[in-house]
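Report on one structure; see the data block that follows.
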Amino acid sequence: MSRREKLVLFSFPAVCLLLIAVILPLTSTSMDKGAQQPAETVKKSLNDTLTNAMSEIPGLVEMDSMIEKYLKQWEIKGASLAVMRNDSLLYAKGYGYADEQAGEEMEPGKILRMASVSKLVTATGIMVLQEKGLLSLQDTVFGPGGILNDSVYTAAIREKSKFRITVEQLLRHRAGFTNSRGDPMFSTQDIIRQFRLDGPPDHETLVRCVLTRPLGYQPGSWQRYSNFGYLLLSMIIEKTSGKDYGTFIRENVLEPAGCFDMHIANNYYEEKYPNEVRYYMHSGSEPCEEYCLSGRMVERCYGGNDIRGLSGAGAWCGSAPELCRFVASIDGRPEVPDIISKESVDAMTEYFDPETYSLGWNDTKPDGEWTRTGTLGGTSALVKYFPDGECWIMITNTSTWKGPGLTRNTENLFRKCRTLYSKSLPSRDLFRCSEAG
């Protein structure tokens, strides 16, 4: 080991202690806008402690170069990478720009929209409710005996098969909803026109409108990826818990997992959180009409869709390191206490066949490899949990022309980096930097 490597590794605990001493008395600046808490109740976020300098590892310089070349190849302005092994955060670093116009470099504490990775958070919330005895995955969703038994929904239903939809079918994308008329979560303009609405529908109105459409298949007989299904799960969380979706998830999922700087994203640059990045569309992307039919032309990542309206289907934003912390809390490993039971972890990661979606995860393999992806205009996210206990997470602030297809390239990047540099990752736990001790 070189003298420089020794300095980096052996000075790390001292750096953590110094950061704790400096940051502990401070009030968090990363709360939702307008939120006020007494100083003694403010919890310190991992994002307030991490810097790129902590992951300037001599033995990983070539890996950094590989990642920088990858971002340049796909014209990605900035990305955040976090690597965890056996529930210990080994590496957390930002690449490129968080906001190129402002000359602001990406740091590991920056938060980014994580798109459909949000579904993993929502699924965990459902498992928490099941453990509390407030619902069962076999509960029906609609009708007099369903969770969303509101008369406005029941009156909109013409197909009796909709009354057979269960919570588990929503989780596994097997409830019968398809995008044959466009994804309801991304075709707001069409819904406004079709149903002659005065403006963008709230969740209740959207559900009522979609329920008048026929199902694409009988519930449970097939599967089709459905963002709308995860909106319904978000509303189930609200109805069952008696709290709004964001509040329940923060109090019962994220904060117990040690994640204090995750938020429901907003739609426009002017509404971004203090430590949130700027988003970019790929070169050649044309402006589009604002989702609310205002007639205004906007960047797709800032007003092309109602991001906040996605709720548990795709609205969460957070940092790659805190997302690692969340995964550590639902992976069944002992090093970081899980926020759900072993039975719930097993249920979420159970493998049936290559065609069956897991609960919250895109897919889980028999050998213990789990994958969760997310893509929106202006962002791409990949969570890859490997059988040996290593978890790699990357979130970008830029779209590419490949859209969701970029995920496969990022997965290949992870595998190359693991083969070449996994042994060079330092033996440490950056999670400890945010612990008061």
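The values are calculated or read from the model by the stated rules, or taken from the named source; none is laboratory data. This structure is a prediction, so every number in the text was calculated from the model and none was measured. Cβ: placed from backbone, ideal geometry, glycine included. Neighbour counts: every protein chain shown. For accessibility, only protein heavy atoms count, side chains too; no ligands or nucleic acids. Shrake-Rupley method; radii C 1.70, N 1.55, O 1.52, S 1.80 Å.
Just so you know, in region 254-281 the residues that are out of contact with any strand residue (DSSP E or B) (no Cβ under 7 Å at 6 or more places or on another chain) and farther than 29 Å from Ile330 by Cβ include one that is most open to solvent (accessible area, probe 1.4 Å), and it is Glu270. Taking the criterion of being part of a helix (DSSP H, G or I), in contact (Cβ under 8 Å) with a residue 60 or more places away in the chain and either acidic (Asp, Glu) or out of contact with any strand residue (DSSP E or B) (no Cβ under 9 Å at 6 or more places or on another chain) (or both), the residues of region 415-432 that qualify are Lys416, Leu420, Tyr421, Ser424.
In region 360-382, the qualifying residues are those that are farther than 30 Å from Pro287 by Cα and not charged (D, E, K, R), and the one that is most open to solvent (accessible area, probe 1.4 Å) is Pro366. Within region 207-235, residues that are in contact (Cβ under 8 Å) with a residue 60 or more places away in the chain have Cβ atoms under 8 Å from residues that are open to solvent by 20 Å² or more (accessible area, probe 1.4 Å) and acidic (Asp, Glu) in these pairs: Gln223/Glu355; Asn227/Asp183; Phe228/Asp183, counting only partners at least 6 apart in sequence or on another chain.
Listed conditions (1) surrounded by fewer than 23 Cβ atoms within 10 Å (Cβ to Cβ); (2) under 30 Å from Cys317 (Cβ atoms) are all met by Thr124, apart from (1). Ile165 falls short on exactly one of the conditions (1) open to solvent by less than 60 Å² (accessible area, probe 1.4 Å); (2) within 23 Å of Asn267 (Cα to Cα); (3) under 28 Å from the mean Cα position of the chain (by Cα); (4) not small (Gly, Ala, Ser), and that condition is (2).
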